[in-house]
1. Under the definition of Cα pairs under 8 Å and six or more residues apart, what whole-number percent is the relative contact order of the range B:113-250?
2. Evaluate the distance, in nm, between pseudo-label points positioned 7 Å from the Cα of C:Trp169 and of A:Ile215 along their respective Cα→Cβ axes.
3. Hey, if you put +1 on the Cβ of every Lys and Arg and -1 on every Asp and Glu Cβ in the range A:206-250, which of A:Gly210, A:Ala222, A:Asn250 ends up farthest toward the positive end of that dipole?
4. Once the label point is set 7 Å along the Cα-to-beta-carbon vector, what list of distances in nm do you get between B:Tyr33 and its counterparts in the other copies?
5. Taking each label point as 7 Å beyond Cα in the direction of the beta carbon, state the distances from C:Gly224 to the same residue in the other copies, shortest first, in nm.
6. If you average the sequence gap of Cα pairs under 8 Å that are 6 or more apart and divide by the length of chain D, what percent do you get for the contact order?
7. How about the range B:128-192: which GluC sites (Glu not before Pro) there are in a DSSP loop, with at most 15 other Cβ atoms within 10 Å of their Cβ?
8. Explain nothing, just the number: dipole magnitude of the range C:73-187 about its Cα centre with +1 on each Lys and Arg Cβ and -1 on each Asp and Glu Cβ, in debye rounded to the nearest 20.
4 protein chains.
Amino acid sequence: MKVNILLAAIVLIPTFALSQEKEPTTPEATEFYEPVPPKVIPGKNGAPPSDALVLFNGKDFNHWVSSADSTDVKWHLNEDGSMTVKDKTGNIQTKKNFGSMQLHIEWKSPAEVQREGQNRANSGVFIQQRYEIQVLDNNDNPTYTNGQVGSVYKQTVPLAMASVPTGEWNTYDIIFHAPEFSRGGNIVQPATVTVLHNGVLIQDHTIIEGTIKYIGWPKYEAHGKAPIVLQDHRDNSRVSYRNIWVRELN
Amino acid sequence: MKVNILLAAIVLIPTFALSQEKEPTTPEATEFYEPVPPKVIPGKNGAPPSDALVLFNGKDFNHWVSSADSTDVKWHLNEDGSMTVKDKTGNIQTKKNFGSMQLHIEWKSPAEVQREGQNRANSGVFIQQRYEIQVLDNNDNPTYTNGQVGSVYKQTVPLAMASVPTGEWNTYDIIFHAPEFSRGGNIVQPATVTVLHNGVLIQDHTIIEGTIKYIGWPKYEAHGKAPIVLQDHRDNSRVSYRNIWVRELN
Amino acid sequence: MKVNILLAAIVLIPTFALSQEKEPTTPEATEFYEPVPPKVIPGKNGAPPSDALVLFNGKDFNHWVSSADSTDVKWHLNEDGSMTVKDKTGNIQTKKNFGSMQLHIEWKSPAEVQREGQNRANSGVFIQQRYEIQVLDNNDNPTYTNGQVGSVYKQTVPLAMASVPTGEWNTYDIIFHAPEFSRGGNIVQPATVTVLHNGVLIQDHTIIEGTIKYIGWPKYEAHGKAPIVLQDHRDNSRVSYRNIWVRELN
Amino acid sequence: MKVNILLAAIVLIPTFALSQEKEPTTPEATEFYEPVPPKVIPGKNGAPPSDALVLFNGKDFNHWVSSADSTDVKWHLNEDGSMTVKDKTGNIQTKKNFGSMQLHIEWKSPAEVQREGQNRANSGVFIQQRYEIQVLDNNDNPTYTNGQVGSVYKQTVPLAMASVPTGEWNTYDIIFHAPEFSRGGNIVQPATVTVLHNGVLIQDHTIIEGTIKYIGWPKYEAHGKAPIVLQDHRDNSRVSYRNIWVRELN
């Protein structure tokens, strides 16, 4: 019986073509024509580009289910094309599973200020159900820095606190690369995440240490593609979301 | 005499804190409060955030000089707050030198279509004077793919062709990490670049192979911080630029 | 025209002092005197160097216990300064735990040929109780190559089959680097092993994929320093060992 | 409360087969039979194994030339099967070029003690003409530690000083992996070297920083396979060599 065995041995993979090739002597020798990358019609101001999968456009929850039991979403669908967390109805998540992706999502905290610290408009975007980009109203509301808005929750402090005023719409533009696991289930390439918060770089190819844990150290467990989850923090944090789209990456 | 010697030996640097630490048993044990990241007031729709260095806001060329001789910029300063390449006046560059950075820049090709291929509205953003993100009017204008709009010129094809129609304003949001060199001058960490073209991810933490070469293979030579250069392609490619700002990264 | 373009995507890790330092202009500037490495008196022909911990010198089992129950070793102590596996008395292991190390060990299969394949003089050196360097009489006795003498068992085929004739003494000179784990228990640096079998390089900085498994893929589980284990294969494989010493590495 | 947070920023490289494969459920599924590694008959006590290329066996200089002008070697050929540096006749080198290799070499300093420091029996093994493993009589003869016996000269201090008494034969067992360069000529994988000095590990997969320099920082320049050079230090350091063999590695 044949098995596909590991190619142990190459550690530092040479990034570039190695030196066997002769130096070219014409411009044409380093110009190539195939394959042609796809043409994409961009959106304006965060609107979805032509090749994006629109996960939420304000009209319905067709791409989403309740996380607990896969039933219909019970959150509020608002007339302005947004959705709002409905307290204690639980997290919601995409029906589809995702790996690496570019993700655009907009969120706002309620205009009227709620409680303090982690209980002021707390929600979160859980990429692959495990890696949370924190959503929080941090305006005049300090909390632990690795739990503040834009943190990789309990892992990596954002480079800046770049929120708009309470009650206005924030954007998150996220580039996420899924972790890779060995056939035996060990992490061999950690996930990375880049986040632009309202256009400001706050996570810069951050290496994710593992599945977030509220108590304890982060730890990876092997997994495949998985849904995007939006959090109901169960404290009546009436966070709203709109204009959610994703472009899958290889 | 004492010298600071190399710490040869650690190859695969462990990314995370190692296993000596005891697993925490309370939420508070993994919450920390210092240092507090800076607060930044974001701009809207590409406008500069509060901590950005604005390199060009349409009023003057104060941050720029002609590359050839460091004299005043001879490009056109337009009434609409943009600048346009003036043919054969040469490249321009920032007075200031930059390392790693987040860079926002907007550009457009002239509304009237010019020539073909590499001669249709060709310019470029040379980061650190060496690493070019191609600017080109590629609408219905195919060329070699590693020289098309958004390519790392003669190195890496963009993931997509995401231009707006000819004559409209494009945005480049660039995250660049400068290369690092050993004390002896060898490359030890290649530069990387991420580019959002009109919000569409077209360069995804691309590893740059070396200084671009029109003929021959890319090659790194050791260098420090260096200016941002905008190209005069010397073929009357009347490309315009506006709203250029940068945030330096560590 | 086609060109060979750069391959995706892994960074070269900074190993060396970076470029901040000025190039020295005298020979003395790159000569330093401290700390002075220790002086070690080498042994001859595999004999222990002066700083080695001698784990077995043929006189007693003081450094060893039975793996199953930590009781005294039941293997044979021979008059010629060697020990021999006593069938079905179980594995034995060092009392002391080890991390990274240089390990010298000598072994021989019985002069009279036993059974076939994996049952001809099968034993093994389990480094850190988990990572087995296979011991087997492979002379005119083929078996699966990733289970042959000198393999990292069920992981990595040796570069050569370098055994002496059946019944003669073999040497293994092993350089092992222990794996490192994140505080959460994920592998962040795999173990590596180099093996000289009778002076012939058969494992060349081999990256170990995880704890060996007889059935299934190798997998790491976080662990600290651990004993060296010698295997009783429970098939009356009367393998002998002698001259075992270790030098701990940082 | 303070916690130790994760350190920046380098990814763990995928070394193993990734997780697409189903976990096997039988022992046979992880046993494979091809290709079969070659059988090598080992030598005893440093004698060449059957597949080694013997570069010097005491009878002639057939594999060597003078480095300066490729003429015949002018060093002494001794009756005891060794060679001795002949002062000011210059370095000698192999006719053949080598990449990665296992190299065995034996050397001794003259029994009568010569001068001090770097002038007491100084020679060196230059792998690929560039990377020197220092040969020196350091017995009761301190010098700068990155230039002492067994150092990667002016780069890496040996882990131990493991010489035999002055006038006796030392062995170096060296595992060397050649550096790799990009097509443009940049280093992408530094050379590594492991050295056993009289059986004692003194260089442990040491990463070489570049071509040695007597003055200045080490620096790589792209090169291919290259000769092994033995040094005439031009100070009448009458170092002798014998029993030199090499096994090329991929």
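Rule-based calculations on the coordinates, nothing more; no lab input. Keep in mind it's a predicted model, so treat the numbers as computed, not measured. Quick reminder, even Gly has a Cβ in these numbers, built from the backbone with ideal geometry, and neighbours come from all protein chains shown.
1. Dividing the mean separation by the residue count of the range B:113-250 yields 25 percent.
2. It is 5.7 nm.
3. The listed residue farthest towards the positive side: A:Asn250.
4. 5.0, 6.6, 6.9
5. Label point to label point, same position, other copies: 3.9, 4.6, 5.3 nm.
6. Once divided by the residue count of chain D, the mean separation gives 26 percent.
7. Answer in residue order: B:Glu168.
8. 620 debye
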